[in-house]
1. Give the carbon-plus-sulfur fraction of the accessible surface of segment 22-101 in %, rounded to a whole number; probe 1.4 Å, heavy atoms of protein chains only.
2. Which percent of Cα-Cα pairs in segment 35-74 sits in each 5 Å bin, short to long?
3. Would any residue of segment 72-96 have its amide N under 16 Å from a label point 7 Å out along Cα→Cβ of Phe40? List them or say none.
4. For the pair Arg10 and Leu86, how long in nm is the line joining their label points, each one 7 Å along Cα→Cβ?
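The values are calculated or read from the model by the stated rules, or taken from the named source; none is laboratory data. This one's a predicted model, so the numbers in the text were calculated from it and none came from an experiment. Note: ideal-geometry Cβ built from the backbone for every residue, glycine included; neighbour counts use all protein chains shown. The area values use the complete protein model at the heavy-atom level, side chains included, leaving out ligands, DNA and RNA. Shrake-Rupley method; radii C 1.70, N 1.55, O 1.52, S 1.80 Å.
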Amino acid sequence: LAPVPPSRTRVRTPARLATIVCAAIVLYLALAPVTGHVSFEHADKANHIAAFVVLTTLARAGWPGRARPVVLGLLGFGGLIEVLQLLTPDHQADVADLVADAVGIAAGWWALGRASRWRFWRASFSR
């Protein structure tokens, strides 16, 4: 394999680290005991969407050109969360949560695709 140019490594390495840290935080929040009340009816779904928008954006920046592994990995992570929630007393698994994860992945993918059209984005991240 050819060495990765330093400018690409400068973006990929922090994005990969941020993806892993963010995934750990999302996993903790998904499994932590529930405290307080929900602020609105579908707050749980909104939280799933927001978490997976962020994860997708970071993962896509960290692993550019790896669309299939990124999407499948994130969907698998969402599925893992739902399975692990079966083992917790405060949570329940819900297929709608997995759908919300998929919506977040699609929204994150779309948002980063739109951002890549901006001149400053291309200058900073596509070298």
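1. 69 percent
2. Answer for segment 35-74: a P(r) of 5, 22, 23, 16, 11, 10, 8, 4, 0 percent.
3. none
4. 4.7 nm
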